[in-house]
Amino acid sequence: MKKNIKISILLIVLFMALVLFMFVNKITTPRYLSESELLVNGFYQFSEPKEFSDFKIMTSEDVVLSKQDLIGKWTLIYFGYTRCPAECPVAMSLIKGLYSTLNSKGLDMKNKQMLLVTIDPENDSAEQVDSYAKAFNKTFIGARGARPALLSIATQFNVMVVEPPKINTFNNIVHLENHSNNILLINPDSKYAGFFRPPFDAEKFLLIYQSLVAER
């Protein structure tokens, strides 16, 4: 009798462990979204990832970044500037939250990176924009290119990079109405895969990102 009870308890424990395993596996395994599902949730995916030409921009300590630095990694690129009053902090905080969640899940972050490119090279130094990016996450990279180089990169990504208003006497912060607020995604082949569109939602952002970068 006691033996039967022990076997029953053991079977119940094994069943509960199996249910728990299936539940954890379900919530940690990314769901692959279709192109239409991606679009509905805020991501425009190109039917074929787009090639773009090489570039050279500067980050702090005179480090030069180029297209080569994107190879082998999923790279999020955001065009912003350190004086940006609202849009940039919101987007950067969104990406910060994404990284925090991925880290909490114990996922490998070695093949993931985030690059902030300033659209205000007249006022942002490479050191300033890199420091601004790292204030959100120490792994984030901030970079600056002279305006001709910036325009060349932005044109290939269809990003509007109108020069922000000059700093006035009263140091007022002015919103840049035509500031492109998309977050771009570059795949490990260093090709432009698509972009996240505002308004942003943290849960949808996480869902889409995991679906896109997960191994097939």
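The values are calculated or read from the model by the stated rules, or taken from the named source; none is laboratory data. Just so it is clear, the structure is predicted and the values come from calculations on it, not from any experiment. Positions of Cβ are backbone-derived with ideal geometry, glycine not excepted, and every protein chain shown enters the neighbour counts.
How many residues are among the aliphatic types (A, V, I, L, M), at pLDDT 95 or above and touching a Pro at 6+ places or on another chain (Cβ under 8 Å) when one looks only at region 173-204?
1
Looking at region 97-118, can you tell me whether even one residue there is assigned to a loop (DSSP other than H, G, I, E, B) and within 19 Å of N182 (Cα to Cα)? Talk me through it step by step, then tell me what you get.
Taking region 97-118 first, the residues assigned to a loop (DSSP other than H, G, I, E, B) are 105-111.
From what's left, within 19 Å of N182 (Cα to Cα): none.
No - not one qualifying residue is present in region 97-118.
Has region 134-142 got any residue that is under 15 Å from L65 (Cβ atoms), among the aliphatic types (A, V, I, L, M) and free of Cβ contacts under 8 Å to residues at least 40 places away in the same chain? Walk me through how you get there before you give the answer.
So the first thing to find is which residues in region 134-142 are under 15 Å from L65 (Cβ atoms), and the list is 134, 139-142.
Narrowing the set further to residues that are among the aliphatic types (A, V, I, L, M) leaves 141.
Subset that is free of Cβ contacts under 8 Å to residues at least 40 places away in the same chain: none.
The answer is no; no qualifying residue exists.
Quick check on region 123-153: of everything there that is at pLDDT 95 or above and of a type in the set (V, I, T), which residue is farthest from K73 (Cα to Cα)?
V129
List every residue pair whose Cβ atoms lie under 9 Å apart, where the two residues are 6 or more positions apart in sequence or sit on different chains, the first residue falls within region 56-72 and is among the small types (G, A, S) and at pLDDT 95 or above, and the second residue, located anywhere, is exposed (fewer than 13 other Cβ atoms within 10 Å of the Cβ) and outside any helix (DSSP H, G or I).
Within 9 Å, the pairs are S66/D54; G72/N111; G72/D189.
Name the single residue, out of those in region 84-125 being of a type in the set (G, A, S) and without any contact (Cβ under 8 Å) to a residue 40 or more places away in the chain, that is surrounded by the most Cβ atoms within 10 Å (Cβ to Cβ).
Kept after step one, since they are of a type in the set (G, A, S), are these residues of region 84-125: 86, 91, 93, 97, 100, 104, 106, 125.
Adding the requirement that they be without any contact (Cβ under 8 Å) to a residue 40 or more places away in the chain leaves 100, 104, 106, 125.
On the way: S100: 11, S104: 8, G106: 8, S125: 15.
Top of the filtered list is S125.
Residue by residue through region 63-93, note down the ones that are more than 22 Å from P188 (Cβ to Cβ), assigned to a helix (DSSP H, G or I) and of a type in the set (A, V, I, L, M, F, W, C). Lay out the reasoning, then the answer.
The initial filter retains those residues of region 63-93 that are more than 22 Å from P188 (Cβ to Cβ), namely 80-93.
Add one more test, that the residue is assigned to a helix (DSSP H, G or I), and what stays is 87-93.
C88, V90, A91, M92 - these are the residues of region 63-93 that are more than 22 Å from P188 (Cβ to Cβ), assigned to a helix (DSSP H, G or I) and of a type in the set (A, V, I, L, M, F, W, C).
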